[in-house]
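A.B. asks: One structure follows; several queries about it will come next.
The values are calculated or read from the model by the stated rules, or taken from the named source; none is laboratory data. Here the structure is a predicted model, which is why all the values come from computation and not from measurement. For neighbour counting, all protein chains shown are included, and Cβ atoms are generated from backbone atoms with ideal geometry for every residue, glycine included. Just so you know, the surface numbers come from the protein's heavy atoms only, side chains and all, with ligands and any DNA or RNA stripped out. Shrake-Rupley method; radii C 1.70, N 1.55, O 1.52, S 1.80 Å.
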Amino acid sequence: MRLLVVGAHGQVGTDLVAAAGAAGLPVRGLGSRELDITDAAAVQAALGYLAAGSAETGARGVVINAAAYTAVDAAETDREAAYAVNEQGPANLAIAAQRLGLGLVHVSTDYVFPGDGAQPYRPTDPTGPRSVYGASKLAGELRVLESHPDAHVVRTAWVWGTTGNNFVKTMAKLAATRPTVDVVDDQRGTPTLAADLAAGLIELAGGAVPGGVLHATNGGETTWFEFARAIFADLGHDPNRVHPTTTDKFPRPAPRPAYSVLSGEAWVNAGLTPLRGWRAALDATLTAHPEAFVPA
Ligand SMILES: NC(=O)c1ccc[n+]([C@@H]2O[C@H](COP(=O)([O-])OP(=O)(O)OC[C@H]3O[C@@H](n4cnc5c(N)ncnc54)[C@H](OP(=O)(O)O)[C@@H]3O)[C@@H](O)[C@H]2O)c1
């Protein structure tokens, strides 16, 4: 397998390139400056390069799309840009990949669901995004599968890692600068380590799973409040400095799903390795890479 990772400098993209390299796979990572996925001609050229390399070596070429417009609140008023990256970009990738005989793994989100469920969402459950971001990501999923039925759409949630800004880094900073912090305790989901997701996406890309939608998160579920307490504890701070609050105290332009747990059953049924529990992923990462979470 030869991989092309687009959105290669984001949280997931960075870990995809690292994981593929560590596994000894030929991989090329392109950030938004090297490849703007909204530019259909540039996408065709980049994927053409992958296809030529694959033909030369006999290796299967697979594109993994980790590029997205991820500013959830900004998307509410920046609709056109969100749709360009989250719908048209994936469509460009799917059309070119299908034409060139390349595989495609496209990353999507729990925000495609309404978030009012009470049981883990399965890939086949009805969608119903409540935000522009979620709607644009759902539009992207549909365009991918319409143009490339063998492609894989993988929804994930609550991503964090050593790269970029994320909830764990925010909590690390607040722990160092504030006596207490209020965190919402009425949104449930599963924190997902970008590196674990990346490993799963690479396993999927190299396998023979039929195309369609799958869910991949770390195991278990929690609330942001409980997650924050675990982060404080792992960083050696008193978790009782984290106080529970409710979503209505933090009005945001885009509504947040109250319930975002994704079922990993289809992932396991496809023969793929389940991602470890979220707490194990947190403990291991904060122990192995404490420097990544030291506030700047
Ligand atoms: N973060 C989460 O909690 C979360 C939750 C569920 C699902 N997801 C999904 O997971 C995937 C990866 O997210 P992430 O957390 O890694 O996001 P991220 O850190 O924001 O990375 C996204 C990357 O996409 C790039 N990008 C934006 N516009 C682009 C364009 N037109 N062409 C090429 N690249 C472009 C960005 O580059 P620039 O910075 O240079 O613009 C950025 O490096 C996305 O599909 C996202 O929807 C994320």
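A.B. asks: Any chance segment 133-148 includes a residue that's in contact with a strand residue (DSSP E or B) (Cβ under 9 Å, 6 or more places away or on another chain) and outside any helix (DSSP H, G or I)?
C.D. replies: Yes, segment 133-148 contains a residue that is in contact with a strand residue (DSSP E or B) (Cβ under 9 Å, 6 or more places away or on another chain) and outside any helix (DSSP H, G or I).
A.B. asks: Among the numbered criteria (1) more than 30 Å from residue 259 (Cα to Cα); (2) under 21 Å from the mean Cα position of the chain (by Cα), which one does residue 56 miss?
C.D. replies: All conditions pass for residue 56, except number (2).
A.B. asks: I'm checking my understanding of the structure. Among residues of segment 119-132 that are among the β-branched types (Val, Ile, Thr) and assigned to a loop (DSSP other than H, G, I, E, B), which one is most open to solvent (accessible area, probe 1.4 Å)? Give the derivation first.
C.D. replies: Quick first cut of segment 119-132, residues among the β-branched types (Val, Ile, Thr) only: 124, 127, 132.
Applying the additional criterion that residues be assigned to a loop (DSSP other than H, G, I, E, B) yields 124, 127.
Numbers: 124: 126, 127: 57 Å².
In this case the residue turns out to be 124.
A.B. asks: Name the single residue that is nearest to the ligand (Cβ to nearest atom) among those in segment 154-165 being open to solvent by less than 10 Å² (accessible area, probe 1.4 Å) and not in a strand (DSSP E or B).
C.D. replies: 157
A.B. asks: Would it be correct to say that residue 43 is within 14 Å of the chain's Cα centre (by Cα), open to solvent by less than 20 Å² (accessible area, probe 1.4 Å) and of a type in the set (Val, Ile, Thr)? Give the steps one after another, and end with the answer.
C.D. replies: Details: within 14 Å of the chain's Cα centre (by Cα): no; open to solvent by less than 20 Å² (accessible area, probe 1.4 Å): yes; of a type in the set (Val, Ile, Thr): yes.
When the stated conditions are applied, residue 43 does not pass them.
A.B. asks: Follow-up. Would a scan of segment 76-92 turn up a residue that is touching a residue at least 60 places away in the same chain (Cβ under 8 Å), over 20 Å from residue 144 (Cβ atoms), surrounded by fewer than 19 Cβ atoms within 10 Å (Cβ to Cβ) and not aliphatic (A, V, I, L, M)?
C.D. replies: So in segment 76-92, the residues touching a residue at least 60 places away in the same chain (Cβ under 8 Å) come out as 76-77.
From what is left, the residues that are over 20 Å from residue 144 (Cβ atoms) are 76-77.
Still in the running and surrounded by fewer than 19 Cβ atoms within 10 Å (Cβ to Cβ): 76-77.
Cutting the leftovers down to not aliphatic (A, V, I, L, M) gives us 76-77.
Yes, there is a match, as at least one residue in segment 76-92 is touching a residue at least 60 places away in the same chain (Cβ under 8 Å), over 20 Å from residue 144 (Cβ atoms), surrounded by fewer than 19 Cβ atoms within 10 Å (Cβ to Cβ) and not aliphatic (A, V, I, L, M).
A.B. asks: Next question. Cβ-Cβ below 8 Å, separation at least six or inter-chain, first residue in segment 252-273 and free of Cβ contacts under 8 Å to residues at least 12 places away in the same chain, second open to solvent by 40 Å² or more (accessible area, probe 1.4 Å): which pairs?
C.D. replies: Going by the 8 Å Cβ cut-off, the qualifying pairs are 268/274.
A.B. asks: Let me ask something else. Quick test of your reading of the structure: residue 198 fulfils all but one of (1) within 30 Å of residue 1 (Cβ to Cβ); (2) surrounded by 17 or more Cβ atoms within 10 Å (Cβ to Cβ); (3) without any contact (Cβ under 8 Å) to a residue 60 or more places away in the chain. Name the failing condition by number.
C.D. replies: Among (1) within 30 Å of residue 1 (Cβ to Cβ); (2) surrounded by 17 or more Cβ atoms within 10 Å (Cβ to Cβ); (3) without any contact (Cβ under 8 Å) to a residue 60 or more places away in the chain, residue 198 violates only (3).
A.B. asks: Would it be correct to say that residue 211 is open to solvent by less than 50 Å² (accessible area, probe 1.4 Å) and within 23 Å of the chain's Cα centre (by Cα)?
C.D. replies: Working: open to solvent by less than 50 Å² (accessible area, probe 1.4 Å): yes; within 23 Å of the chain's Cα centre (by Cα): yes.
Taking the combined requirement at face value, the residue satisfies it.
A.B. asks: Quick one: in segment 175-195, which of the residues that are away from the ligand (no atom under 11 Å from the Cβ), buried (at least 20 other Cβ atoms within 10 Å of the Cβ) and part of a helix (DSSP H, G or I) is farthest from the chain's Cα centre (by Cα)?
C.D. replies: 175
A.B. asks: I would also like to ask the following. Among the residues that make up segment 235-243, is at least one of them touching a residue at least 12 places away in the same chain (Cβ under 8 Å) and open to solvent by less than 10 Å² (accessible area, probe 1.4 Å)?
C.D. replies: Step one: filter segment 235-243 for residues touching a residue at least 12 places away in the same chain (Cβ under 8 Å), giving 235, 237, 241-243.
Retained after the next criterion (residues that are open to solvent by less than 10 Å² (accessible area, probe 1.4 Å)): 242.
Looking for residues that are touching a residue at least 12 places away in the same chain (Cβ under 8 Å) and open to solvent by less than 10 Å² (accessible area, probe 1.4 Å), one finds at least one in segment 235-243, hence yes.
A.B. asks: Another question about this same structure. Are there any strands (runs of 3 or more DSSP E) wholly within segment 1-118 with 3 or more residues that are within 11 Å of the ligand (Cβ to nearest atom) and either among the hydroxyl-bearing types (Ser, Thr, Tyr) or closer than 25 Å to residue 215 by Cα (or both), and if so which?
C.D. replies: Numbers: elements: 2-6, 27-30, 61-65, 103-109.
Counting at least 3 such residues, we get 103-109.
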